[in-house]
Every structure is written in structure tokens, then in C-alpha cells.
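Worksheet for the structure shown next.
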Amino acid sequence: TQLLEQSPQFLSIQEGENLTVYCNSSSVFSSLQWYRQEPGEGPVLLVTVVTGGEVKKLKRLTFQFGDARKDSSLHITAAQPGDTGLYLCAGDRGSYIPTFGRGTSLIVHP
Amino acid sequence: GAVVSQHPSRVICKSGTSVKIECRSLDFQATTMFWYRQFPKQSLMLMATSNEGSKATYEQGVEKDKFLINHASLTLSTLTVTSAHPEDSSFYICSARQGPETQYFGPGTRLLVL
């Protein structure tokens, strides 16, 4: 059983479109991280959210942590080909050992 | 952000040989490092937690005698794949924890066992 469910698993869109990636769980997390990974490279940390209801923005990316700290979303506005990659969420339940979701593979076509 | 390096970036070896992968935190000390394995287009699978000065904690299903982990200093952890076989071919990634909520990943090591 996957502790963190990410959806969609695959996403193929045109440049300029908006998209949202979801990360859901039945467990409460003390913190949750979003990463972006390109092929053949390690994941790069995008953001850490720790407070229920928290919203963080990183240019065209908006991250939200659910009020109950069980879910999170990543919204990308006006996607660009450079946004292509594998997006991973990872949650920490207080043990400081992260649990990763399956990932969302995003392809943005020019 | 902080920098974590891995060496080698890719390695090809013959079946039955052992391969050592190094993970270094370059600009901070990490009492805890993690080792992951990743298959193509899949998420990261945690293999073990490496703690400086103590034995690593392995996840269920990971053979500790096959995947030897040594965390010799606050900036270096090594993963040795012993008697490697083709099914061990994968992308191995380490991360180093800086603070309770943040970990930085290395660039990964591509292992191919022939």
C-alpha cells in the first residue's frame, strides 16, 4: 500500500496550459516536500510545507498543504517546456524519514 | 541549496564483482544520509538510513549483507553493492539531511551489471 498517492501519474500538455498535481494520504504529515527530477539526475527540492493550510509560491508554481496536513497540491500556471520532469512529493510523519509518492511524469510540448 | 555529490556517476561492472558508491555532503555536516534506488520512470525506494557512527537501518526487504553501508564521517557515506548481479542494475541516489525537514539529493549513480 502506497502511503502517499500521487495523481495523475502521467501528464502530457501543451505549452501555456495550467495543471495541478495532487498528493494524498490518510496519514498526517509533520512536513511535506515537493521535488522535481530530470532524467539521469537526482531530485531537486522545490519547497517544504509544514503548516496546515499553508500556501507557498515559487514563480509560476503554487504549493498548498491541506488544513489537516494529509494532502498537498502543486499547481503550475502557463506551463513551459522547461517544466518537463518527474514531480515527487515526500512526506515526513515525524520520524524524519521521508516517504515518497509514486511521482507524476510531466511533459510540456512546445 | 546545499550540495551533495556522488561518485561515480555511472559504473559498468561484471557480474560477481563489488561496487562502491560514495556520497558526500560538500558544504554541511550530515549526521543522517539516505540511500535510495530508483527504477526507470518510477519513484524513489528507500533502501536504508545511514547514521554517522552507528549501523545503518535497512528497510524491509533490503539485504544488509548485499548492500553494505558505512557512514564514516559527517560528510561521507558509502554504499557497497557486493557480488553484484544484473538485477542490481539501477539508479542509486543518496541524500543528506540538513535539519529536520530538509534533505538534499546527490546526482545519482547509474549502475549496470553485465
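FYI, it's all coordinate maths here, none of it is from the lab. None of these values were measured; they are calculated from a predicted model. For neighbour counting, all protein chains shown are included, and Cβ atoms are generated from backbone atoms with ideal geometry for every residue, glycine included.
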Here, chain B modelled as identical Cα point scatterers in vacuum has Debye log10 I(q)/I(0) at q = 0.18 Å⁻¹ of -0.84
If each K or R counts +1 and each D or E counts -1, the residues other than residue B:107 whose Cβ falls under 13 Å of its Cβ total 0
Once Lys and Arg are counted +1 and Asp and Glu -1 for all other residues with Cβ under 12 Å from that of residue B:8, the total becomes +2
For residue B:66, counting only lysines whose alpha-carbon sits under 23 Å away and dropping same-chain residues fewer than eight positions off, the answer is B:14, B:20, B:55
Zone reached by a paramagnetic label modelled 7 Å from residue A:97 Cα along Cα→Cβ, restricted to region B:52-74 with backbone N below 17 Å, covers B:52-65, B:67-71
Share (percent) of C-alpha pair distances in chain A greater than 16 Å works out to 55 percent
Stokes-Einstein D for the protein assembly as shown (4 °C, 1.567 mPa s, Kirkwood Rh from Cα pairs), in µm²/s, comes to 72 µm²/s
Amide H proximity to residue A:47 below 5 Å, modelled H, separation 5+ or other chain, gives A:34
The FRET efficiency for residue B:26 and residue A:57, from their Cβ-Cβ distance with R0 = 30 Å and rounded to 0.05, is 0.55
For chain B, cysteines with no other Cys Cβ under 4.7 Å from their own Cβ are listed as B:13
Length-normalised contact order of chain B, Cα under 8 Å, at least 6 apart, in percent, tallies to 37 percent
Inter-chain shielding metric for B:44-50, i.e. average beta-carbon neighbours from other chains within 10 angstrom, reads 3
Between residue B:39 and residue B:64, Cβ-based FRET efficiency (R0 22 Å, step 0.05) works out to 0.60
Inter-part gap, Cα centre of region B:30-102 to Cα centre of region A:1-23, in whole angstrom, is 27 Å
Once phi for every residue in region A:37-42 is put through the Karplus expression 6.51 cos²θ - 1.76 cosθ + 1.60 (θ = phi - 60°), the whole-Hz ³J(HN,Hα) values, with Gly and Pro written as x, are 10, 9, x, x, 10, x
Note: A:83-92 gets an average of partner chain Cβ contacts (10 Å, Cβ to Cβ) equal to 2
